[in-house]
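Worksheet: one structure, shown below.
The values are calculated or read from the model by the stated rules, or taken from the named source; none is laboratory data. Keep in mind the model is a prediction, meaning the values are calculated, not measured. With ideal geometry, Cβ positions are generated from the backbone for all residues, glycine too; neighbour counts draw on all protein chains shown. Each accessible area value is taken on the protein alone, full model and side chains, heavy atoms only, with ligands, DNA and RNA left out. Shrake-Rupley method; radii C 1.70, N 1.55, O 1.52, S 1.80 Å.
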Amino acid sequence: MSFLIFAILFWAVAFWMNATIAARWSETGWARYFVPALFGVTLLVLWEGIVRGFAVPQVILPAPSQIAMRFAASTGVLWVDFRQTILKGALSGYVMGCAAAFVMAVLVDRSAFLERGLMPVGNFLAALPIVGIAPIFVMWFGFDWQSKAAVVIVTVFFPVLVNMVAGLKATDPLQRDLMRTYSASYLQTLIKMRLPAALPFLFNGLKIATTLALIGAIVAEFFGSPTRGMGFRISTAVGQLDMALVWSEITVAALAGTGFYGLIALAEKVLTFWHPSQRG
Amino acid sequence: MTRVGPVLVVVCAIIAVWYGATVWLNSAWVYDQAARSGQAVGFWDMVGQTMALDRPVLPAPHQVVMGLWDGVTGQKVTSKRSLVYHGWITLEATGLGFIIGTVAGLLLAVALVHNKALDMSFMPWAIASQTIPVLAIAPMVIVVLASLGVKGLLPKALIAAYLSFFPVLVGMVKGLRAPDAMQIDLLRTYGAPKAAIFWKLRLPSSMAYFFASLKVGVAAALVGTIVAELPAGAVAGLGARLLQGSYYGQTVQIWAALIAAACLAAVLVGLVGLIEAVVLKRMGLVR
């Protein structure tokens with residue numbers, strides 16, 4: 001019971017601290033990091049306190065400390081799964097899908113007919129439950145990472161395509177006229193003016209696609225996979241009621257997802273430093 | 001209307017490529033069968049046979065349409081083989097989850113806009129959680145809730161709710177903050193209380209954001225429901241249909257379930273769009 005009381009006390013103090021800091025120092029830099037960090041810690045403490053205080057069985061919800069211990073004990077397995085699902089499945093599919101969408105967007109941009117025909121179809125397909133194609137691709141490309149990469153390619157293709165096509169339109173007529181008065185060729189206009197102008201849109205699509213890529217790779221493994229991979233491990237560990245391992249995999253997924261997103265956001269910051277949304 | 005022509009051409013091109021791929025992918029099997037039974041097949045014989053295989057690698061479009069038609073009208077809607085039955089199961093969970101997620105997202109967005117401490121604590125985590133593949137949690141939620149005795153509709157709806165919750169939250173926070181400081185200051189000089197500012201300024205100006213996020217949310221809820229139906233041996237619903245089809249190699253069944261899910265998604269998004277048009281018109285927000 002003392003755990004529960006401690007957790008509730010901790011929560012009350014943290015709540016009071018956050019409220020005070022938010023009221024007084026909300027404009028300062030350190031508060032912007034401290035407040036959410038304290039909130040996150042409070043959630044973990046509450047979680048630990050509730051699990052221990054009410055003696056919640058490990059099969060329902062393991063405590064954060066149990067998860068941390070399991071994580072530390074099974075880094076080998078987690079690394080194998082990480083390599084299989086994230087590096088082989090998600091990342092290779094992500095690169096191929098985004099590259100294909102990029103090339104397609106430039107082609108679509110050149111042909112008004114293709115744009116009028118393809119974009120409504122693309123918008124329609126982008127809203128569909130694309131993970132549903134996973135069983136088909138597993139049947140075609142086998143159980144290993146190739147089928148997961150294929151699912152990821154299809155999943156990331158449309159969001160990137162839609163954003164990139166919008167981005168290629170992002171220059172105003174004045175800028176285009178200027179390039180024309182310089183008698184710049186199509187390729188020069190594309191490389192020097194339109195691609196840079198499209199970058200903020202492209203990164204928007206790329207960021208959305210990071211999450212989709214991970215989801216695609218993990219969900220595709222529910223339809224069949226070799227005896228490794230995060231989706232495989234999650235479904236088998238759930239079957240064995242080894243929830244600490246499941247939560248360890250979820251932690252890996254969360255870290256990988258955040259890291260992946262952060263990497264793209266960093267690239268965006270470096271490449272689109274001139275854009276208004278990056279200033280200030 | 002200038003779009004109808006190009007769209008038709010693209011759709012026709014997709015169908016043509018599909019038929020071509022059907023012949024190409026299925027031909028190996030047909031030739032193999034013929035070689036085993038010691039017969040020679042001509043090219044057109046082979047083409048004909050690839051269109052009518054029992055378990056094709058890629059079913060021809062008309063096979064999928066037939067599967068869909070058979071699934072929808074071939075049996076009573078209460079039959080376990082009816083797509084209407086499975087679609088309804090999925091739709092129920094999607095709808096319930098979508099409503100839970102939307103209400104939760106709305107309430108939290110209102111709280112965040114009015115409470116700075118909550119906003120500073122919660123919002124960074126809400127945004128960070130977008131980068132996590134939440135669907136990975138789906139199988140665990142199902143099993144845990146099942147061990148607590150909660151089965152059937154609710155676990156699936158919760159996963160759908162979780163997925164539709166964040167688009168609504170993020171969109172609504174943005175929408176409720178959309179009125180600029182001048183407008184809020186103006187209402188303050190009128191002596192308007194916070195509630196009046198909310199109902200007369202913040203809420204109306206958030207409507208465009210609200211419906212944009214609802215469209216994302218409803219599609220996400222459907223994906224969540226379908227994925228939630230995969231693990232723990234769900235026996236009904238479009239997701240279960242996909243999984244069974246993949247176990248038994250029933251490709252036509254998979255494709256039919258897939259197209260049914262696609263139609264369901266399109267109908268749901270269209271429905272939200274329809275409600276949006278009516279509401280915006282009633283509120284006088286259509287320009």
May I ask you to derive the relative contact order of chain B, considering only C-alpha pairs under 8 Å and at least 6 residues apart, and to give it as an integer percent? 22 percent
Accessible area per residue, Å², the protein assembly as shown with all protein chains present, probe 1.4 Å: 50 Å²
For the pair A and B, the solvent-accessible area buried on both sides (1.4 Å probe; DNA, RNA and ligands excluded), in Å² to the nearest hundred, is 4200 Å²
What's the magnitude of the charge dipole for the range B:185-287 around its Cα centre, counting Lys and Arg as +1 and Asp and Glu as -1 at the beta-carbon? Answer in Debye, nearest 20. 560 debye
In debye to the nearest 20, the charge dipole size for chain B, taken about the Cα centre with +1 at each Lys and Arg Cβ and -1 at each Asp and Glu Cβ, equals 880 debye
Quick check on packing: order B:124-133, B:189-198 by the mean number of other C-beta atoms within 10 Å, highest mean leading. B:124-133, B:189-198
Dipole of the range A:105-258, positive direction: furthest Cα of A:THR189, A:ASN204, A:GLY257, with charges on the beta-carbon: A:THR189
Ordering of A:208-221, B:22-35, B:163-176, A:158-171 by burial proxy (mean other Cβ atoms within 10 Å per residue, highest first): A:208-221, B:163-176, A:158-171, B:22-35
Distance from the Cα centre of the range B:257-287 to that of the range A:205-239, in angstrom? 31 Å
Rounded, prolate or oblate for the protein assembly as shown? Axes are the square roots of the Cα gyration tensor eigenvalues, ordered a ≥ b ≥ c, and the cut-off for rounded is a/c under 1.5. oblate
Karplus-derived HN-Hα couplings along the range B:95-102 (A = 6.51, B = -1.76, C = 1.60, θ = phi - 60°), whole Hz, x at Gly and Pro: x, 4, x, 4, 5, 4, x, 5
Would you be so kind as to identify which of B:SER37, A:ALA99, B:ALA16 lies farthest towards the positive end of the dipole of the protein assembly as shown, taking Lys and Arg as +1 and Asp and Glu as -1 on Cβ and the Cα centre as origin? A:ALA99
Return the carbon/sulfur percentage of the accessible area of the protein assembly as shown, one whole number, probe 1.4 Å, all protein chains in place. 71 percent
In nm², what is the average projected area of the convex hull enclosing the Cα atoms of the range B:94-170? 5.3 nm²
I'm checking a number: the convex hull volume of the Cα atoms of the range A:111-152, normalised per residue, in Å³. What is it? 81 Å³
Taking just the alpha carbons, could you work out the radius of gyration and Dmax for the range A:207-280, both in angstroms? 16.5, 52
Please give the average number of partner chain Cβ atoms lying within 10 Å of the Cβ of each residue in B:147-153, rounded to a whole number. 1
Once you have a ≥ b ≥ c as the square roots of the Cα gyration tensor eigenvalues for the range B:92-137, tell me rounded if a/c is under 1.5, and otherwise prolate or oblate according to whether a/b is larger than b/c. oblate
Looking at the range A:220-280, which chymotrypsin sites (Phe, Trp or Tyr not before Pro) are in a loop (DSSP not H, G, I, E or B) and have at most 11 other Cβ atoms within 10 Å? A:PHE273, A:TRP274
Quick check on chain B: take the gyration tensor over C-alpha atoms, sort the square-rooted eigenvalues as a ≥ b ≥ c, and tell me if it's rounded (a/c under 1.5), prolate or oblate. prolate
Using alpha carbons only, how many degrees (0 to 90, rounded to 10) separate the axis of helix A:145-168 from the longest principal axis of chain A? 50 degrees
Can you give the local net charge around A:GLN84? Use residues other than it whose beta-carbon is closer than 13 angstrom to its beta-carbon, Lys and Arg +1, Asp and Glu -1. +1
Would you mind giving the mean number of other chain beta-carbons within 10 Å of the Cβ of each residue in B:246-254, as a whole number? 3
Rounded to the nearest Å, what's the spacing between the alpha carbon centres of the range A:32-47 and the range B:146-216? Just the number, please. 24 Å
Per-residue average of other protein chain Cβ atoms inside 10 Å, peptide B:107-116 -> 1
Can you find, among B:GLY67, B:ILE99, B:MET51, the residue farthest towards the positive end of the dipole of the range B:1-103? Put +1 on the C-beta of Lys and Arg, -1 on that of Asp and Glu. B:ILE99
Taking the Cα centre as origin and putting +1 on Lys and Arg beta-carbons and -1 on Asp and Glu beta-carbons, what dipole magnitude results for the range B:1-148, to the nearest 20 debye? 160 debye
